[in-house]
Each structure stands twice: as C-alpha cells, then as structure tokens.
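First, the structure itself, so that you have it in front of you.
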Amino acid sequence: MFNQWAAFHNPDLFESPETFDPEPFIRSPYGTKPGVEERVSVDALKRIETIPFGFRRRRCVVMPMGVESAALAAANLFWAYEFGNLINDDGDSIEPNLDALTKGLTNDPLPFKCKLKIRSNRHAEIIKQNYTHATPVFEQFERELSKEDRDYAERVRARL
C-alpha cells in the first residue's frame with residue numbers, strides 16, 4: 001500500500017507541508033519547493049496529482065471525469081459565494097483547525113463551521129433557477145433517501 005500522507009508531506013518536495021499556504025501552487029503547478037522540478041522528473045510530479053485515484057492497472061477509469069467534476073463544483077461555489085471565517089464575540093476570526101481529520105485509511109477533514117455569503121441577489125436567482133430546472137433529475141436518485149433527508153429536500157424545494 002502506498003503512503004499518500006508521506007508523499008504529500010515530504011519536506012524535500014514541499015516547503016511547509018503542515019501549513020495551509022496556496023502560494024507555492026502559484027509558483028509551481030505542483031506546489032513544490034523552488035528547484036524541485038529541475039531535480040525530479042515532471043512525469044513523477046504529474047503522478048502526484050493522480051495519487052488519490054490509484055495506480056497503474058488499478059487506477060480509477062473515470063479519473064478525468066472526477067477531476068473535472070471537482071473543479072467545476074469548486075468553480076461554482078467560488079462563483080456563487082464569498083467564504084470567510086466566523087467571528088467570535090470578541091471580534092476575532094475563528095480559524096478552522098486544519099489538523100482535525102478523520103482517522104483511518106484516508107484522512108478527511110472533520111466538519112467545521114465557516115461563513116458563506118451569497119455574492120448577490122442575481123447569483124441567488126440563478127442558483128434557484130438552475131436548482132428548479134435540475135429537480136426532476138435529482139428526484140430520480142432520491143428514492144432511497146432516509147426520511148430525514150427526504151424531508152430536508154422537500155423543505156428546500158418549498159422555499160423556492
């Protein structure tokens with residue numbers, strides 16, 4: 001089994017692997033330290049991007065769709081919302097704990113609270129129109145939902 005955590009926390013490749021800092025990804029498409037791309041083959045660096053999808057014959061065959069879907073989902077969220085930290089009673093920003101992860105074979109972030117603000121009334125209107133248009137597609141996959149989830153979906157649709 002490949003140790004993904006070690007690969008992405010290698011101090012020989014990454015300046016501060018424990019710190020959230022998007023700046024290295026502006027300088028390098030792989031987020032690596034300056035000079036790494038001259039020492040390590042570009043093919044090896046490109047493989048870093050696909051590690052979560054497995055390796056060789058066992059690699060996920062729909063990886064390109066997954067990558068593109070995730071990028072599209074992220075772009076839509078950033079188009080629609082302003083993201084921010086919550087503010088405590090003293091007026092200080094509440095930073096999410098980046099070390100709060102699930103335990104197991106994969107480490108996923110634990111739920112955290114943040115502030116989401118719709119960018120404008122026009123953005124809200126477009127989201128509502130698209131959600132309403134997509135509802136018949138969603139409903140095909142809702143037959144197996146729990147009662148709690150089904151009730152939630154109905155409450156959301158009733159507000160539109």
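Has the range 37-47 got any residue that is of a type in the set (Val, Ile, Thr), at pLDDT 80 or above and exposed (fewer than 13 other Cβ atoms within 10 Å of the Cβ)?
Taking every residue of the range 37-47 in turn, none turns out to be of a type in the set (Val, Ile, Thr), at pLDDT 80 or above and exposed (fewer than 13 other Cβ atoms within 10 Å of the Cβ).
Show the residue pairs that are 6+ apart or on different chains and have beta-carbon atoms under 7 Å apart, the first residue being within the range 119-139 and surrounded by 11 or more Cβ atoms within 10 Å (Cβ to Cβ) and assigned to a helix (DSSP H, G or I), the second being modelled with pLDDT under 95 and not hydroxyl-bearing (Ser, Thr, Tyr).
Lys128/Leu160; Tyr131/Leu160; Thr132/Leu160; Thr135/Arg157
What about Ala153, is it assigned to a helix (DSSP H, G or I), under 29 Å from Asp43 (Cα atoms) and open to solvent by less than 80 Å² (accessible area, probe 1.4 Å)?
Spelling it out, it is not the case that Ala153 is assigned to a helix (DSSP H, G or I), under 29 Å from Asp43 (Cα atoms) and open to solvent by less than 80 Å² (accessible area, probe 1.4 Å).
This table checks each residue for (1) of a type in the set (A, V, I, L, M); (2) loosely packed, with under 11 Cβ neighbours inside 10 Å; (3) at pLDDT below 95.
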site: Ala74; (1), (2), (3): yes, yes, no
site: Trp79; (1), (2), (3): no, no, no
site: Ile94; (1), (2), (3): yes, no, yes
site: Asp99; (1), (2), (3): no, yes, yes
site: Leu105; (1), (2), (3): yes, yes, yes
site: Pro109; (1), (2), (3): no, no, yes
site: Lys113; (1), (2), (3): no, yes, yes
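Let me ask you something else. Checking Pro11 against (1) open to solvent by 50 Å² or more (accessible area, probe 1.4 Å); (2) under 21 Å from the mean Cα position of the chain (by Cα), which single condition isn't satisfied?
So Pro11 meets the others, but not (2).
Further question on the same structure: When the residues of the range 50-94 are narrowed to those that are basic (Lys, Arg) and in a helix (DSSP H, G or I), which ends up nearest to Lys113 (Cα to Cα)?
Arg58
Please enumerate the residues belonging to the range 1-19 that are under 12 Å from Gly31 (Cα atoms), among the aromatic types (Phe, Trp, Tyr) and part of a loop (DSSP other than H, G, I, E, B).
The one that is under 12 Å from Gly31 (Cα atoms), among the aromatic types (Phe, Trp, Tyr) and part of a loop (DSSP other than H, G, I, E, B): Phe14.
Would you mind telling me which numbered condition in (1) modelled with pLDDT of 80 or more; (2) open to solvent by less than 40 Å² (accessible area, probe 1.4 Å) Cys60 fails?
Cys60 satisfies every listed condition except (2).
Here's another thing I want to ask about it. Take the residues in the range 14-27 that are over 19 Å from Asn107 (Cβ atoms) and touching a Gly at 6+ places or on another chain (Cβ under 7 Å); name whichever of them is least open to solvent (accessible area, probe 1.4 Å).
Among those that are over 19 Å from Asn107 (Cβ atoms) and touching a Gly at 6+ places or on another chain (Cβ under 7 Å), it is Pro24.
So the check is Cβ under 6 Å with 6+ separation or different chains; which pairs have a first residue in the range 149-160 that's over 11 Å from Glu139 (Cα atoms) and a second one that's modelled with pLDDT of 90 or more and of a type in the set (S, T, N, Q)?
Cβ pairs passing all conditions: Leu160/Thr132.
Can you say whether Asn88 is more than 19 Å from the chain's Cα centre (by Cα) and open to solvent by less than 80 Å² (accessible area, probe 1.4 Å), as far as the supplied structure shows?
When the stated conditions are applied, Asn88 passes them.
The values are calculated or read from the model by the stated rules, or taken from the named source; none is laboratory data. On a predicted model such as this, the values are computed, not experimentally measured, just so you know. All Cβ positions, glycine included, derive from the backbone under ideal geometry; neighbour counts span all protein chains shown. Heads up: the accessible areas ignore ligands, DNA and RNA and are worked out on the full protein's heavy atoms, side chains in. Shrake-Rupley method; radii C 1.70, N 1.55, O 1.52, S 1.80 Å.
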